[in-house]
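Taking it in order: structure first as structure tokens, then the write-up.
The values are calculated or read from the model by the stated rules, or taken from the named source; none is laboratory data. Since we're looking at a predicted model, the values are computed, not measured. Cβ atoms come from the backbone with ideal geometry, glycine included; neighbour counts cover every protein chain shown. Note: accessible area is taken over every heavy atom of the protein model, side chains too, but ligands, DNA and RNA are not part of it. Shrake-Rupley method; radii C 1.70, N 1.55, O 1.52, S 1.80 Å.
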Amino acid sequence: MALVASSLVRRTPGDALSGFNATYFWRQVHAVTVANLKSRYRKTVAGFLWVVLNPVISFGVQGLVFGRFLKIGVDDYLLFLVSGLIPWIFLSQTMEMCTPVFAVSGPLMKSFSVSPLVYLSAQVLDNIINFIAAFALVLTALAIYYGYTGGPVFLVVLPFLAICWGAFGISWLLATLQVFFRDTRFLIRFVVQIGFFLTPVFYPPEFIPEAFRWFVDVNPLFYLISPFQILIHDYHGGLFWQALLKAFFVSFLINVFASWVWRRCRNLVYFYV
Amino acid sequence: MSEALVQLENLNLVLRASVHRPWSWRDVFVRTLKNPLSLWPSAGDRLPIIQDLNLEVFAGDRLALVGVNGVGKTSLCRCIAGYYRPTSGKIRIKGRVRALFDVAVGIQPELTGRENAVLLAELLFPEEKDKTQMIEQALEFSELGNFLDVPFRLYSTGMQTRLGLSMAALRASDVLILDEVFDGADLFFREKIAARMRELVRDSGAVIFVSHEPEEIKEVCNRLVVFHQGKILFDGAVEEGLRFYRGLKPLVQK
């Protein structure tokens, strides 16, 4: 059997990426995502429609309650709501679905030498597909019905990349913590419920009294959602780029921290799962 | 001398794992009175799994790794396969490592055996571009017939093992690790898969074989390492190694 000299792999305590091959990684993520999707919609009548229905119905109900009943004083309220609510649903669902990934993939992680990040990335990708479908559907419907008044729509790709990167980092951290603290999953459910009211998703940040603004300043999720709100509802070039920069910076910090925790705990994750 | 495909230099693997101990408020109270510093969270218990291990596995080696349960054989294999990062020391691998541990695992229980086989092929052989033929070959080998189109969650453990082993035994590798892979298969399939594994072993560069079956070891291996409490106690010929291992009984039963 021919051995290729370049295939020499060295493993020392510090290295995290020895033997990593991006093409193989992507192939595995793609395969697991397809299998997840197939598995979830098997024996369902509406199939993929369920995924889109959840954010669409949430959006419809909240639009009715906050826009018509409570009459929140924001112009083009539905556009404002879609720019905050759909990214929020993406973040919250990703956190809830990804937190148990390492803990439940234990037998697989121990059986086959596949990076655990494959299973995590597949779950995040699954949610990204749902996010794109729901966001595109609701935004298109609103644009047709009310007319689109936001910034250049192609720019939405940028906050989308930032939020996906951030969501991956948060999920990575939570999935690692869940292996050691099984209450992480319950805590996240609780935090998501509270976070929905404390994050300016269905109301603008200006509604928050000055004394409580720090809630927003320390909320990383808001930094990931804010560029969507500025782009779609209240477009201002300078503000958008500033918010986008902050979103990427927050995502970077989250991923650096998640990666640091992972490197420290990797062996124990394998030990405990 | 042939080329070293696996080199382990001063390898140490220590896990700082918190060990669960039963406790009561009374114990905490008494312990705190005795030593208030004991309330400070500890860094965890130190579990030394591998200690200052040096090992070279050469092309052509069919190395049996034997030792009593819980001495760290699987952890050592997982270190070589890249699951665990060593606490200190170095691992050098030349070529591709393929490690097979418990293969009776369904990735997606809701999907059929055939669909799980497709997914397994992607996970086990990402380097293969066209996998259709190899999957068909494995499915035929598994002899699962009509059950291939039944959800995996309905499979018995034996059927799961058949599918997993049929897929896992498709390709040889530069370094092949087989860790008690035959467990779970019925007698007849075991004979069939053993023949396939012999081909796999023949075509692979170096093989690390973990087993508790002396007959299997004699048939497959040409070198034996006795591993005990994180260290190598014996490294040499198979027959002699098995005798040495049997001689460990008084040490193990202490």
Max mean-square fluctuation residue, GNM over chain A, Cα-Cα springs under 10 Å, options A:Asn255, A:Asn21, A:Asn36 = A:Asn21
request  = Can you tell me how much longer the chain between B:Ser24 and B:Glu213 gets when fully stretched, taken as 0.36 nm per residue apart minus their C-alpha distance, in nm with one decimal?
outcome  = 63.6 nm
query = For B:Ser88 and A:Tyr145, what does the FRET efficiency come to when R0 = 60 Å and r is the distance between their Cβ atoms, rounded to the nearest 0.05?
reply = 0.40
key: Estimated dipole of the range B:31-160 in Debye, rounded to 20 [Cβ of Lys and Arg +1, of Asp and Glu -1, Cα centre]   = 980 debye
request  = Please say if the range B:11-159 is rounded, prolate or oblate, where rounded means a/c under 1.5 for a ≥ b ≥ c the square roots of the C-alpha gyration tensor eigenvalues, and otherwise the choice is prolate for a/b larger than b/c and oblate otherwise?
outcome  = oblate
ask   = When Cβ neighbours within 10 Å are restricted to other protein chains, what is their mean count per residue of peptide A:29-39?
value = 5
remark   = If one compares the long axis through the Cα atoms of helix A:49-62 with the longest principal axis of the Cα atoms of chain A, the angle in degrees, nearest 10, works out at 40 degrees
note = So the angle from the long Cα axis of helix B:132-142 to the longest Cα principal axis of chain B, reported in degrees to the nearest 10, equals 80 degrees
inquiry  = Take A:Phe181 and A:Ser58, extend 7 Å from each Cα along the Cα→Cβ direction, and tell me the distance between the two endpoints in nm.
reply    = 2.4 nm
note = Ordered by number, the chymotrypsin sites (Phe, Trp or Tyr not before Pro) in the range B:203-234 that occupy a DSSP loop and have at most 10 other Cβ atoms within 10 Å are none
inquiry  = What does the structure give for A:115-125 when I average, per residue, the other chain Cβ atoms found within 10 Å of the residue Cβ?
reply    = 1
request  = Binning at 5 Å from 0, report for the range B:77-117 what percent of all alpha-carbon pair distances ends up in each bin.
outcome  = 5, 18, 19, 15, 13, 13, 9, 6, 2
Orientation-averaged projected area, Cα convex hull of the protein assembly as shown (nm²) = 31.5 nm²
message = Helix A:77-98 against the longest principal axis of chain A: what's the angle in degrees, Cα atoms only, rounded to the nearest 10?
response = 20 degrees
request  = Using only alpha carbon pairs under 8 Å that are at least six residues apart, calculate the relative contact order of chain A and give it in whole percent.
outcome  = 26 percent
message = Helix-only mean residue ellipticity at 222 nm, the protein assembly as shown, DSSP H runs n ≥ 4 weighted -39,500 (n - 2.57), per residue, nearest 500. What is it?
response = -17000 deg cm²/dmol
request  = Determine the equivalent ellipsoid of chain A by diagonalising the alpha-carbon gyration tensor, then write out the semi-axes as square roots of 5 times the eigenvalues, largest first, rounded to whole Å.
outcome  = 36, 21, 19
query = Once the other residues with Cβ under 14 Å from the Cβ of A:Phe90 are scored (Lys, Arg +1; Asp, Glu -1), what is the net sum?
reply = -2
key: Local electrostatic count at A:Tyr235 - Lys and Arg +1, Asp and Glu -1, tallied over other residues with Cβ under 14 Å   = -3
task = Write out the trypsin sites (Lys or Arg not before Pro) in the range A:20-52 meeting two conditions: DSSP loop, and at most 15 other Cβ atoms within 10 Å of their Cβ.
result = A:Arg42, A:Lys43
ask   = Based on the alpha carbon coordinates of the range B:100-149, what radius of gyration and maximum Cα-Cα distance (Dmax) apply, in Å?
value = 10.8, 29
query = Over the alpha carbons of the range A:9-126, what is the largest minus smallest coordinate on each principal axis, giving the biggest first in Å?
reply = 62, 38, 25
key: Pairs of alpha carbons in the range B:153-218 whose separation is greater than 16 Å (percent)   = 46 percent
remark   = Here FRET efficiency (C-beta to C-beta, A:Trp260 to A:Arg189, R₀ 25 Å, nearest 0.05) is 0.45
query = Once phi is turned into θ = phi - 60°, what whole-Hz ³J(HN,Hα) does the Karplus curve with 6.51, -1.76 and 1.60 give for every residue of the range A:167-184, x standing for Gly and Pro?
reply = 4, 5, x, 4, 5, 4, 5, 5, 5, 5, 5, 4, 5, 9, 10, 5, 7, 3
Kirkwood-type radius of the range B:210-250, with distances r between different C-alpha atoms, in Å = 10.4 Å
ask   = How big is the range A:145-257 by the Kirkwood estimate over distinct Cα pairs, in Å?
value = 15.3 Å
message = Using only the alpha carbons of the range A:16-82, what is the convex hull's orientation-averaged projected area in square nanometres?
response = 8.3 nm²
ask   = What accessible area, in Å² to the nearest ten, does a 1.4 Å probe give for B:Lys218?
value = 80 Å²
Cross-link table B:Lys94/B:Lys249; B:Lys34/B:Lys90; B:Lys131/B:Lys231; A:Lys110/B:Lys129, entries beyond 31 Å C-alpha to C-alpha = B:Lys94/B:Lys249; B:Lys34/B:Lys90; B:Lys131/B:Lys231
task = Enumerate the aspartates and glutamates that A:Lys43 could reach by cross-link, defined here as Cα to Cα under 14 Å, with residues fewer than 8 away along the same chain left out.
result = B:Glu110
Size-normalised alpha-carbon gyration radius of chain B, reference 2.2 N^0.38 Å = 1.19
request  = Mind jotting down the distance between the C-alpha centroids of the range B:50-114 and the range A:115-182, whole Å?
outcome  = 36 Å
ask   = In chain B, what percentage of the DSSP-assigned beta bridges are antiparallel, given to the nearest 5?
value = 55 percent
inquiry  = Within 14 Å, Cβ to Cβ, of A:Gln62, how many net charges do the neighbouring residues add up to if Lys/Arg are +1 and Asp/Glu are -1?
reply    = +2
remark   = Listed residues B:Asn146, B:Asn116, B:Asn35; largest mean-square fluctuation, Gaussian network over chain B with Cα springs below 10 Å, found at B:Asn35
request  = Mind listing the long-range amide H neighbours of B:Ile49? Cut-off is under 5 Å, sequence gap 5 or more, other chains count too, H placed in the peptide plane at 1.01 Å from N.
outcome  = B:Leu13, B:Val14, B:Leu15
